[in-house]
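Engineer: Mind looking over this structure? Questions follow.
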Amino acid sequence: MIRKAAPQDRQTVEAIVDEAYAHYIARIGKPPGPMLDDYTALIGDGAVNVLEEAGGGVAAIIVLLPKPDHLLLDNIAVRKDRQGQGLGRRLIGFAEAEARQLGYVELRLYTHVTMTENIALYRRLGFVETGRGSDAGYDRVFMAKRLG
């Protein structure tokens, strides 16, 4: 089940993000942006959704930010012991459905240039690279997917 994160989910959300992104610190030379986000505020704004498993545990999270002309997939993180099981793909499908429901025709995201496995995954899921550049002190790859 995918549901809005509640304030009591904050510690779990932060733990999943830290676990999912920690191995990129050595690659990037500093913590990835999602590790620095204010999840109290994001949860309060209704931007965070969690993928809850049948037993009630949270296995993954997604942060979606409405923009004037697109929905931004700001962050997606899967618990380390649940990676490689299709949960990320499921959450991206959820993001596409949310974008359509909100009336958007485009879903956008960005990732760090060194996160090559993520770039490859997003390409396989129909995202196209729209640019590269420095943003908030990170070298990023910007991608978008038009929604039919």
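Engineer: Do we have any residue at all in region 120-127 that's surrounded by fewer than 12 Cβ atoms within 10 Å (Cβ to Cβ), among the charged types (D, E, K, R) and part of a helix (DSSP H, G or I)?
Structural biologist: Restricting attention to region 120-127, the residues satisfying the condition of being surrounded by fewer than 12 Cβ atoms within 10 Å (Cβ to Cβ) are 120, 124.
Next, from what is left, pick out any that are among the charged types (D, E, K, R): 124.
With part of a helix (DSSP H, G or I) added as a condition, the list becomes 124.
Yes: region 120-127 contains one or more residues that are surrounded by fewer than 12 Cβ atoms within 10 Å (Cβ to Cβ), among the charged types (D, E, K, R) and part of a helix (DSSP H, G or I).
Engineer: Next question. Check whether at least one residue in region 97-106 is surrounded by 14 or more Cβ atoms within 10 Å (Cβ to Cβ), among the hydroxyl-bearing types (Ser, Thr, Tyr), modelled with pLDDT of 95 or more and under 15 Å from the mean Cα position of the chain (by Cα), and report yes or no.
Structural biologist: There is no residue in region 97-106 that is surrounded by 14 or more Cβ atoms within 10 Å (Cβ to Cβ), among the hydroxyl-bearing types (Ser, Thr, Tyr), modelled with pLDDT of 95 or more and under 15 Å from the mean Cα position of the chain (by Cα).
Engineer: In region 79-93, which residues are assigned to a helix (DSSP H, G or I), buried (at least 18 other Cβ atoms within 10 Å of the Cβ) and touching a residue at least 60 places away in the same chain (Cβ under 8 Å)?
Structural biologist: LEU91
Engineer: Taking region 107-139 as the region of interest, how many residues are modelled with pLDDT of 95 or more, more than 18 Å from LEU87 (Cα to Cα) and of a type in the set (D, E, K, R)?
Structural biologist: 4
Engineer: Just to be sure, is GLY44 in contact (Cβ under 8 Å) with a residue 24 or more places away in the chain, out of contact with any helix residue (DSSP H, G or I) (no Cβ under 7 Å at 6 or more places or on another chain) and over 20 Å from ASP135 (Cβ atoms)? I'd like the intermediate steps shown before the answer.
Structural biologist: Details: in contact (Cβ under 8 Å) with a residue 24 or more places away in the chain: yes; out of contact with any helix residue (DSSP H, G or I) (no Cβ under 7 Å at 6 or more places or on another chain): yes; over 20 Å from ASP135 (Cβ atoms): yes.
So GLY44 passes the test.
Engineer: On the basis of being part of a strand (DSSP E or B) and surrounded by fewer than 18 Cβ atoms within 10 Å (Cβ to Cβ), does LEU109 make the cut?
Structural biologist: Working: part of a strand (DSSP E or B): yes; surrounded by fewer than 18 Cβ atoms within 10 Å (Cβ to Cβ): no.
Judged against the criteria, LEU109 is not a match.
Engineer: Return only the number of the condition from (1) free of Cβ contacts under 8 Å to residues at least 60 places away in the same chain; (2) surrounded by fewer than 18 Cβ atoms within 10 Å (Cβ to Cβ); (3) within 26 Å of THR116 (Cα to Cα); (4) not aromatic (Phe, Trp, Tyr) that PRO34 does not satisfy.
Structural biologist: Only one criterion is unmet by PRO34, namely (2).
Engineer: Residues that are in a loop (DSSP other than H, G, I, E, B), farther than 25 Å from PRO7 by Cβ and either in contact with a Cys (Cβ under 9 Å, 6 or more places away or on another chain) or without any contact (Cβ under 8 Å) to a residue 40 or more places away in the chain (or both): does region 49-70 have at least one? Can you show your working first?
Structural biologist: Looking only at region 49-70, we keep the residues that are in a loop (DSSP other than H, G, I, E, B), and these are 53-57, 67-70.
Okay, now just the ones that are also farther than 25 Å from PRO7 by Cβ, so 68-70.
Those left that are additionally either in contact with a Cys (Cβ under 9 Å, 6 or more places away or on another chain) or without any contact (Cβ under 8 Å) to a residue 40 or more places away in the chain (or both): 68-69.
Checking region 49-70: at least one residue is in a loop (DSSP other than H, G, I, E, B), farther than 25 Å from PRO7 by Cβ and either in contact with a Cys (Cβ under 9 Å, 6 or more places away or on another chain) or without any contact (Cβ under 8 Å) to a residue 40 or more places away in the chain (or both).
The values are calculated or read from the model by the stated rules, or taken from the named source; none is laboratory data. None of the values given here were measured: they were computed from a predicted structure. Cβ atoms come from the backbone with ideal geometry, glycine included; neighbour counts cover every protein chain shown.
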